[in-house]
Amino acid sequence: MSELRDEPVRTRMVRVYLSESDHGIERLVRILHDELNVRGVTVMRGIAGYGSSGQVHSASLIDLSDDLPVILEFFEDEAKVSRAVARISELVDPGHIVSWSVRVEEGS
């Protein structure tokens, strides 16, 4: 069994709040993958949500919204996160990118 590092790598988690109507999601993924070489990105579709408008968008069997919330998420070292956030901020509404420090667990 390998030992955990004593000093954790300084890593940040980034979450970008979007909606299905944002047509730039594929472009964001391409930039993160091809241009910035971020190690991994996950895009998740929410089942309900609302933003500053207060209008609730939700998925139900009766009424399937075509504008569900979407979250794009990735983690990376702090330097690469800084570059990535600076680059994608041009394509995302202000206040829709959040980040926080995380500890990456090294497995055996």
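Take Glu90 and tell me if it is loosely packed, with under 12 Cβ neighbours inside 10 Å and of a type outside the set (Ser, Thr, Tyr). It is true that Glu90 is loosely packed, with under 12 Cβ neighbours inside 10 Å and of a type outside the set (Ser, Thr, Tyr).
A quick yes/no check of all residues on (1) at pLDDT 95 or above; (2) surrounded by 18 or more Cβ atoms within 10 Å (Cβ to Cβ):
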site	(1), (2)
Asp6	no, no
Arg12	yes, yes
His23	no, no
Leu28	yes, yes
Leu32	yes, yes
Glu35	yes, no
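Hey, any hits in the stretch 88-108 for a residue that's within 15 Å of the chain's Cα centre (by Cα) and at pLDDT below 90? No, the stretch 88-108 contains no residue that is within 15 Å of the chain's Cα centre (by Cα) and at pLDDT below 90. The residues in the stretch 37-63 that are under 13 Å from the mean Cα position of the chain (by Cα) and either surrounded by fewer than 14 Cβ atoms within 10 Å (Cβ to Cβ) or not in a loop (DSSP other than H, G, I, E, B) (or both) can be counted, and the count is 7.
The values are calculated or read from the model by the stated rules, or taken from the named source; none is laboratory data. All values reported here derive from a predicted model rather than from experimental measurement. Reconstructed Cβ throughout: ideal geometry from the backbone, glycine too, with neighbour counts over all protein chains shown.
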